Amino acid sequence: MFWRFISFIALQLVGGLAGWYAVSSMHVATSELLGVLLGVVLGALIWFIWDLYRSLRLLRWLRVGDASDVAMRTGMWGEISDRTRRLIRSREQMTRDSQKRLQDFLAALQASPNGVVLMDSQGKIEWFNQMAATHFGFDAQRDMLQQFSNLVRDPGFASYFVSHDYLRELVMPGRESTPARPVKLSVHLHPYGEGRLLLLSHDVTALEQAEAMRRDFVANVSHEIRTPLTVLGGFVETLQTLPLSEEERERYLALMAQQAERMQTLVSDLLTLSRLEGSPPPSVSEWMSMPALMRQLEQEGRALSAVLNPSSDRLHQLEFASLLEGQIAGAPNELLSAMSNLVSNAIRYTPTGGEVHVRTLVLPDGRAEFSVSDTGPGIAPEHIPRLTERFYRVDRSRSRDTGGTGLGLAIVKHVSQRHGAEFKIESTPGKGSIFTIVFPASRLRLERASSS
Ligand code: ADP
């Protein structure tokens with residue numbers, strides 16, 4: 001500012017001097033004072049023109065210039081230009097920093113395992129992450145700034161959206177949900193800012209399935225226990241209230257014992273399943289002799305056949321072929337439980353006189369196979385995939401009459417999985433069924449083997 005003032009005065013002084021000099025040296029007929037005055041005015045004019053030129057340069061630089069360049073370096077306009085440039089650069093830096101922060105936030109939201117959708121106060125989509133695009137089938141190019149409720153047309157969601165009651169979350173069908181493969185999404189809206197909405201979504205299909213399975217399981221167990229309990233209660237009441245002959249009492253007590261045994265079998269199967277689920281994988285260093293196991297299965301099988309047909313002289317035709325002279329690595333009690341379930345099923349479901357073949361053998365690729373085949377009623381193909389579900393039965397009354405719990409094949413499947421084995425079911429209705437467990441070669445230790 002000081003130099004600005006000095007330059008202004010200096011130019012006027014120089015102008016005044018030049019005016020005085022011009023008038024006196026040219027011997028013009030005007031007074032010297034007028035020459036000085038003219039010189040001062042001219043000096044001021046030059047100064048203004050020069051100043052105007054510099055300010056216009058600065059204005060032009062402000063309009064179209066580059067902040068990395070300086071419009072001018074000296075004088076007041078130079079300082080204004082320098083300070084403006086620094087201000088612009090610091091603002092640019094701040095903008096870059098907040099852009100970077102915004103990008104970092106969006107990257108974090110993008111990495112979220114939940115679907116995230118940001119909506120403005122009108123419910124238009126401002127941003128969504130990839131997971132939300134997958135959940136709702138959005139397209140980043142097409143669906144930005146679209147009305148969310150126009151794209152997600154589930155009636156449940158529509159009423160949730162307009163209710164403005166966002167304390168709870170909503171479970172709705174996912175985009176790819178079909179009756180055969182239901183997909184469930186949990187959707188929760190959170191208001192924020194000035195009327196804006198944040199939508200979080202996550203896939204709860206597995207959770208919902210687990211919850212449905214838990215509900216079914218509890219209902220099934222209650223039902224299975226209630227039935228024998230009701231029967232037992234009825235008999236107790238009869239024994240208490242009616243005068244019965246010794247023979248009748250004995251018959252009722254035998255029936256009661258049968259129901260108690262049924263409950264015991266059910267509880268023991270439930271305990272087996274829960275042990276299988278909760279215990280560590282079976283050891284690979286504990287070996288179990290297959291011929292010994294087959295002998296035990298044969299004993300149990302023949303006894304069961306006799307129990308099921310007490311009055312019949314035609315028992316099942318049972319064949320136990322132990323073609324595998326070796327050992328299997330695993331938990332002996334689990335293996336025995338799985339295999340005896342298969343043998344017991346074959347005997348229970350095959351009418352008397354039918355055939356049941358139980359065999360162990362080594363496959364050409366070195367794996368060990370345990371199979372149980374029967375000439376029973378067989379199973380229709382639509383039931384086969386569901387047989388290993390807990391409490392799934394094709395023929396409820398036959399299962400109950402023969403002491404079944406509906407848990408046997410679930411146990412077999414679990415035990416097979418825990419031993420790295422493959423469990424297969426093949427069946428032809430009217431002809432019979434074959435249940436096979438194939439153990440990996442790594443779990444087999446041969447003493448002397450013959451394969452067929
Ligand atoms: P359950 O205790 O009822 O036998 P499982 O889980 O062992 O339960 O078997 C499930 C269902 O599979 C049975 O209820 C029966 O309908 C069918 N099933 C099992 N084994 C045989 C078989 N060998 N022949 C025909 N049906 C069978």
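Please treat every number below as a calculation from the coordinates, not as lab data. Just so it is clear, the structure is predicted and the values come from calculations on it, not from any experiment. Reconstructed Cβ throughout: ideal geometry from the backbone, glycine too, with neighbour counts over all protein chains shown.
Quick one: P(r) of the stretch 281-451 from all Cα-Cα pairs, 5 Å bins, percents rounded to integers, in order of increasing distance.
The distribution over the stretch 281-451 is 1, 9, 18, 22, 21, 15, 9, 4, 1, 0, given as percents.
Check which residues have an amide H placed less than 5 Å from Gly403's amide H, if you skip close sequence neighbours.
Close amide H contacts, sequence-distant or interchain: none at all.
Specify the angular offset, from 0 to 90 degrees and rounded to the nearest 10, of the alpha carbon long axis of helix 205-241 from the longest principal axis of the alpha carbons in the chain.
The helix 205-241 is inclined about 30 degrees to the chain.
GluC sites (Glu not before Pro) within the stretch 184-227: which are DSSP loop residues with at most 12 other Cβ atoms inside 10 Å? Write out the running numbers ahead of the final one.
Numbers: sites: Glu194, Glu208, Glu211, Glu224; in loops: Glu194.
Passing both the DSSP loop test and the Cβ count: Glu194.
Is it possible to state the helix-based mean residue ellipticity at 222 nm for the chain, with each DSSP H run of 4+ residues giving -39500 (n - 2.57), the sum divided by total residues, to the nearest 500 deg cm²/dmol? What is it? Before the final figure, lay out the partial values.
Values: 12 runs with 239 residues, N = 452.
Result for the chain: -18000 deg cm²/dmol, rounded to the nearest 500.
Classify the stretch 237-380 from the C-alpha gyration tensor, please: rounded if a/c falls under 1.5, else prolate or oblate depending on whether a/b exceeds b/c.
Working: a/c = 2.92, a/b = 1.64, b/c = 1.78.
Oblate.
May I ask for the angle, rounded to the nearest 10°, between helix 2-26 and the longest principal axis of the chain, with both axes built from Cα atoms and the value confined to 0 to 90°?
Tilt relative to the chain: about 30 degrees.
Across the stretch 114-123, in residue order, what do the Karplus-derived ³J(HN,Hα) couplings come to in whole Hz, using 6.51 cos²θ - 1.76 cosθ + 1.60 with θ = phi - 60° and x for Gly and Pro?
With the stated coefficients, the stretch 114-123 comes to 8, x, 10, 10, 9, 10, 7, 5, 8, x Hz.
In debye to the nearest 20, how big a dipole does the chain give about its Cα centre with +1 on each Lys and Arg Cβ and -1 on each Asp and Glu Cβ?
1780
Which whole-number percentage describes the relative contact order of the stretch 17-176, with Cα contacts under 8 Å and a sequence gap of 6 or more?
Values: 121 pairs, mean separation 15.9, N = 160.
Relative contact order for the stretch 17-176 comes out at 10 percent.
Looking at Leu229, Gln240, Val218, which one has the Cα that reaches farthest to the positive end of the dipole of the stretch 208-279 (charges on Cβ: Lys, Arg +1; Asp, Glu -1)?
Val218
Tell me the relative contact order for the stretch 140-204 as a rounded percent, counting alpha carbon contacts under 8 Å between residues six or more apart. Can you show the working numbers first?
Working: 72 pairs, mean separation 13.6, N = 65.
Contact order relative to length: 21 percent.
Just add up the charged neighbours of Ala212: K/R +1, D/E -1, any other residue whose Cβ is under 15 Å from the Cβ of Ala212.
Numbers: positive: Arg181, Lys184, Arg214, Arg215, Arg386, Arg390; negative: Glu208, Glu211, Asp216, Glu389.
Result for the local shell: +2.
What percentages make up the Cα-Cα pair-distance distribution of the stretch 1-147 when the bins are 5 Å wide from 0?
Whole-percent P(r) values from 0 Å outward: 2, 8, 10, 10, 8, 7, 6, 7, 7, 6, 5, 4, 4, 4, 3, 3, 3, 2, 1, 0.
Take the alpha carbon atoms of the stretch 208-279, find their radius of gyration, then divide it by 2.2 N^0.38 Å using N residues; give the quotient. Spell out each step's value before the answer.
Working: Rg = 16.7 Å, N = 72, 2.2 N^0.38 = 11.2 Å.
Against the empirical 2.2 N^0.38 Å value, I get 1.50 for the stretch 208-279.
Which of Ser268, Ala44, Gly16 sits closest to the plus end of the dipole of the chain, meaning its Cα is farthest towards the positive end, when Lys and Arg get +1 and Asp and Glu get -1 on the C-beta?
Going by the charge dipole, the pick is Gly16.
What are the semi-axes of the equivalent ellipsoid of the chain, taken as the square roots of 5 times the eigenvalues of the Cα gyration tensor, listed largest first and rounded to whole Å? Provide the component values of the computation, followed by the final result.
Values: eigenvalues 1933, 160, 59 Å².
So the equivalent ellipsoid measures 98, 28, 17 Å along its semi-axes.
For the stretch 281-451, what's the relative contact order in percent, using C-alpha pairs closer than 8 Å and at least 6 residues apart?
On the way: 345 pairs, mean separation 47.2, N = 171.
Relative contact order for the stretch 281-451 comes out at 28 percent.
Which shape class, rounded, prolate or oblate, goes with the stretch 113-203 when its Cα gyration tensor gives a ≥ b ≥ c as root eigenvalues, a/c under 1.5 marks rounded, and past that a/b bigger than b/c marks prolate?
Numbers: a/c = 1.70, a/b = 1.26, b/c = 1.35.
Cα axes put the stretch 113-203 in the oblate bin.
Just the number: Rg to Rh for the stretch 307-361, Cα atoms, Kirkwood Rh, two decimals.
Working: Rg = 13.4 Å, Rh = 12.8 Å.
The Rg/Rh ratio comes out at 1.05.
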